[in-house]
Amino acid sequence: MMKLYHGGIKAVKKPKILSPDRIGDFGIGFYTTSNREQAGRFVQNKAAREKQDSGFISIYEVPDDFLRNAMLKIDLFEHADERWVDFVLKNRLSVDFDHDFDIIKGPVANDQVYASFALYEGDIITKTELLERLKTRRLVDQILFHTEKSLLVLNYLDCEEIVCRK
């Protein structure tokens, strides 16, 4: 079994597909990561935005082969390549864009990456230059559960409180 993490203000024992306070890289859904530290950074960022003193990392277990589940439509982005850039931009910029994937796994775009995206959107750099900049970044993963049926593979284990400020 593999562990996945979700960072937020509250512990999430029963994940749901909710409209987020911001559109994520892969659209609407329930975001997780296999990187505990990434989930902790998300807790810190969310707590700062909402002026909270703490948050939680919710911990889940999934089958090792959950990304090969024949009952689910899954898309995998191995790298921050041109296909990933196009998909992330569609999700972030096109209000009407939606996809039919149950689960999507790929790199997460952090603040440094979004600075490069902003330069590209402002026609200051080309897509080729954007892709070159992305190659220099170490990006951790994110896994979006986009549909209710995809959430069935998540098994809640525990949560960990993260104190953000005193």
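Structure values in brief
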{"read-out": "For residue 93: the one exception among (1) more than 24 Å from residue 14 (Cβ to Cβ); (2) under 16 Å from the mean Cα position of the chain (by Cα)", "value": "(2)"}
{"read-out": "Residue 76 modelled with pLDDT of 95 or more and exposed (fewer than 14 other Cβ atoms within 10 Å of the Cβ)", "value": "yes"}
{"read-out": "Residues of the range 52-81 classified as touching a strand residue (DSSP E or B) at 6+ places or on another chain (Cβ under 7 Å), closer than 14 Å to residue 101 by Cα and in a loop (DSSP other than H, G, I, E, B), total", "value": "2"}
{"read-out": "Residue in the range 130-137 that is within 18 Å of residue 32 (Cα to Cα) and surrounded by 13 or more Cβ atoms within 10 Å (Cβ to Cβ) present", "value": "no"}
{"read-out": "Matching residues in the range 55-73 - criterion: being exposed (fewer than 13 other Cβ atoms within 10 Å of the Cβ) and among the acidic types (Asp, Glu)", "value": "64, 65"}
{"read-out": "Residue under evaluation residue 106, criteria (1) over 26 Å from residue 155 (Cα atoms); (2) small (Gly, Ala, Ser); (3) surrounded by 12 or more Cβ atoms within 10 Å (Cβ to Cβ); (4) out of contact with any Leu (no Cβ under 6 Å at 6 or more places or on another chain), criterion not met", "value": "(1)"}
{"read-out": "Flag if residue 70 is small (Gly, Ala, Ser), under 27 Å from residue 1 (Cα atoms) and within 16 Å of the chain's Cα centre (by Cα)", "value": "no"}
{"read-out": "Residues satisfying the stated conditions in the range 147-166, i.e. part of a strand (DSSP E or B) and either in contact with a helix residue (DSSP H, G or I) (Cβ under 9 Å, 6 or more places away or on another chain) or not aromatic (Phe, Trp, Tyr) (or both)", "value": "155, 157, 158, 159, 160, 161, 162, 163"}
{"read-out": "Lone qualifier among 21, 86 - being within 18 Å of residue 146 (Cβ to Cβ), at pLDDT below 95 and in a helix (DSSP H, G or I)", "value": "86"}
{"read-out": "Sole exception among (1) under 27 Å from residue 60 (Cα atoms); (2) among the hydrophobic types (A, V, I, L, M, F, W, C); (3) in contact with a Lys or Arg (Cβ under 8 Å, 6 or more places away or on another chain); (4) surrounded by 18 or more Cβ atoms within 10 Å (Cβ to Cβ) for residue 85, by number", "value": "(1)"}
{"read-out": "Scan of the range 29-51 for residues that are assigned to a loop (DSSP other than H, G, I, E, B) and surrounded by 15 or more Cβ atoms within 10 Å (Cβ to Cβ), ordered by number", "value": "29, 34, 35"}
{"read-out": "Residues that are at pLDDT 90 or above and either out of contact with any strand residue (DSSP E or B) (no Cβ under 8 Å at 6 or more places or on another chain) or part of a helix (DSSP H, G or I) (or both), drawn from the range 124-146", "value": "124, 125, 126"}
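The values are calculated or read from the model by the stated rules, or taken from the named source; none is laboratory data. Since we're looking at a predicted model, the values are computed, not measured. Glycine gets a Cβ as well: all are built from the backbone with ideal geometry, and neighbour counts include every protein chain shown.
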